[in-house]
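> Questions regarding the structure given below will be posed in turn.
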Amino acid sequence: MSLMRLQQPPLNLASISPSLQEASHDDGDGNETSPTLTNNTPTAFEADTYTDEPSLEEADATLERFRHEMVPLCPYVCIPREWDAATLRQQYPFLWLNVMGVASLSTKTRYSLGRQAKNIIVQKVVADGTRSVDMLLGVLTFLCWIHLLPMDKLFGSMASQIAVSLIHDLGLHMTPPEYPSKVGQLLNGKGFGLLPQIRKERTMEDRRALIGAYIITSMTCHAFRSADGLGWSTYLDECLNYVSQNSTEPHDHILITQAKLQLMINRLRSVYRGGSNVQVPTIYSNALRSELDSLLTSTDGVSNIFDNNSSMKRLYHFSMLMVHESHLNKSSMSHDKGMQKFEDYQLVINSLRSWLDLYFAIPNDHLRFLPSSNYSQLYYVTVFIYRITALKIPTWNSLLAEAGAELVPVLDTVIQRFEQAALSMPDSQSDQAFLLGIHKFSALKAVFNSEFGFGIDGDKDMSVMPQDTFMGVAHADFSPFLMDPGMFPMMQGIFDDLAWQ
C-alpha cells in the first residue's frame, strides 16, 4: 500500500457512507466479498456534467460503438450487455467520460471530453489522491486511444505511470491479505483510519484490469520511450490462469493471448535495449518463434481466437518481425548464407506482407477505432521495409518485389487511406491525428526517394487534402506526437540514421 494512500485523513464509522459500509460483507463462508467498483474507496469520483457531453441517445450509440468496435481490440474491461450509457455513468463515472471521448465520431467532442478527462486525472488522482478501479479503467481507456485525444506524449508517459501507481495503491498487483479485516484493524490502530476497501477476494474485473494495465502501459512506455510500464510477476501469471479457467467471456481469452504476446515482445525489447547491433542467438529466436506458433492454437473454448480476428493476426505477425529484427543488422548480413537464412528471409517477408494485407483490409471508417498501438505497428512495418531496402541485399529486395511489399507503393496506400479517413469525419474539423500521419509518412517517402535516387515526382498527385488544412496542422491545439519516431516500438537507435526526424 502506497504512502499516498496511508496519508489520507483517518476515517471513522460516522464518516463512511451507508453504501460503502454495506459494500463489504460476509458471503456466508467467512469470506469478505468485494465492494462495488464505484465504492471501493472513500474518495470515489463523483459524476458531473461536462461541456460538449453527448445526449442520452448519442451516449447510448457511443457506448455501443465502444463495446462492439473498440473493446474487442483490447478487452481490458467487460461492460455488461444489459447496461446502457446512463447505467455505466452511474456505476463507472470516469470510465463513462473516457468512453464518450474516445468513441465519439465528433472530433470536437473527442477533444473537449479528452481535455476534461486530463484535468480530472491531474486534479482527482494526482492532487486529491483519489483511488478506485473506476479511475484505473478510465486512465487505461485514455491511454489505449490517446492518439485520438489532444494530449502530448509527456502527459501520456505520466498517465501510464499513474495507471501503474493506481494498480499498486489498490493492491491489485499482489495476492490480497488472508485476513483483510485484521489488516484494517491494525492500520486503524496505527492511526491510519478504518480502511473498509481491503478485501480478501479479487473480482474478475480486478484481474482483467490488472492484465489490461500490463498490456497498455507496456505499449505506452515503448511507444513514448518512457519509464517502464507495469512489470510482470508471478501473481500476473496466477491471474492469467484464473481468468483462463474461470471466465465465460470469449474476449477474456483474447486478452490473455495479448498478454502472452506482450510478454514476449517485452523480452525482446530487453534484449534489443543494448543497442542497434545486438545479435540474438539463433537458439533463442527459434524458441520464441516456436512459442509464437504455439499461440496460434489458442482457443476460447469454442474456436481458435485467431480465426476471423484481424487484430490478433496483426499482433502475431508484428511479434514475428520482432523475433527476426536482428536480421536487419549489417554485421549479421555478412554471414547470411545458406538455406536456413533464406527461409528466415522468406518468413520475414511473409509476415510483412501478411500484416499489410490485414491492415489494408480494415475499412477506412474503422481506422479511428484502432488502439494507438496499431499505428505503432504500422510505423514499425514501414521502417522495417525501409531498413531492408537500405541494406541493398539482392535476396531481400527480390523477395520484397515478389511479395509486392516495396516501400513506395506501401506508403502511397497508407497516405491515401489516411487522407480518406480524415475527410470522412462527420463534423467540419478534419481529424488532426490522421493529418499528422500523412505528414510523417510523406516525409518518410520523400527521404526514401531522395536517398535512393527516385526523386519526389511521385508526390505531385498524391495529396487530396487542402493545402491550407495540411500546413495548419503544426499550429493546431492537439498533440503533435502521432507518427513521431519516438512514439513507435522499434529497437533503440533504429531511427538514429534517418534524416527526416
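> Which residue out of Phe441, Phe418, Phe488 is touching a Phe, Trp or Tyr at 6+ places or on another chain (Cβ under 6 Å) and modelled with pLDDT of 80 or more? Let's see the steps before the verdict.
Values: Phe441 fails: touching a Phe, Trp or Tyr at 6+ places or on another chain (Cβ under 6 Å); Phe488 fails: modelled with pLDDT of 80 or more.
Result of the check over Phe441, Phe418, Phe488: Phe418.
> For the stretch 92-121, which residues satisfy the criterion of being among the aliphatic types (A, V, I, L, M) and either outside any helix (DSSP H, G or I) or touching a Ser or Thr at 6+ places or on another chain (Cβ under 8 Å) (or both)? I'd like the intermediate steps shown before the answer.
In the first step, residues of the stretch 92-121 are kept if they are among the aliphatic types (A, V, I, L, M); the result is 95, 97, 99-100, 102-103, 105, 113, 117, 120-121.
Result: Leu95, Val99, Met100, Val102, Ala103, Leu105, Leu113.
> Looking only at the stretch 122-135, filter to residues that are in a helix (DSSP H, G or I) and in contact with a Leu (Cβ under 8 Å, 6 or more places away or on another chain); which one of those is nearest to His168 (Cα to Cα)?
Val133
> Take the residues of the stretch 250-304 that are over 24 Å from Tyr380 (Cα atoms) and part of a loop (DSSP other than H, G, I, E, B): which is modelled with the highest pLDDT?
Thr297
> Please state which one of Glu22, Glu64 is acidic (Asp, Glu) and at pLDDT 50 or above. Show your work before the answer.
Details: Glu22 fails: at pLDDT 50 or above.
So the residue among Glu22, Glu64 that is acidic (Asp, Glu) and at pLDDT 50 or above is Glu64.
> Here's another thing I want to ask about it. Pairs, please: C-beta under 8 Å, at least 6 apart or cross-chain, first residue over 14 Å from Leu315 (Cβ atoms) and in the stretch 350-365, second surrounded by 15 or more Cβ atoms within 10 Å (Cβ to Cβ) and charged (D, E, K, R)?
Phe360/Arg417; Asn364/Arg417
> Out of the residues in the stretch 38-61 that are in a helix (DSSP H, G or I) and buried (at least 20 other Cβ atoms within 10 Å of the Cβ), which is modelled with the highest pLDDT? Even if it seems obvious, please write down each step before you answer.
Narrowing the stretch 38-61 to residues in a helix (DSSP H, G or I): 38-39, 56-61.
Pick out the ones that are also buried (at least 20 other Cβ atoms within 10 Å of the Cβ) and you get 38-39, 59.
Numbers: Thr38: 35, Asn39: 39, Ala59: 96.
Only one residue tops the list, namely Ala59.
> So, one more: Taking the stretch 137-176 on its own, how many of its residues are part of a loop (DSSP other than H, G, I, E, B) and β-branched (Val, Ile, Thr)? So that I can check it myself, show each step before the final result.
Let us first name the residues in the stretch 137-176 that are part of a loop (DSSP other than H, G, I, E, B), namely 145, 149-152, 170-176.
Now drop any that are not β-branched (Val, Ile, Thr), which leaves 175.
Number satisfying all stated conditions: 1.
The values are calculated or read from the model by the stated rules, or taken from the named source; none is laboratory data. Everything numeric here is computed off the predicted structure, so don't read it as measured data. Quick reminder, even Gly has a Cβ in these numbers, built from the backbone with ideal geometry, and neighbours come from all protein chains shown.
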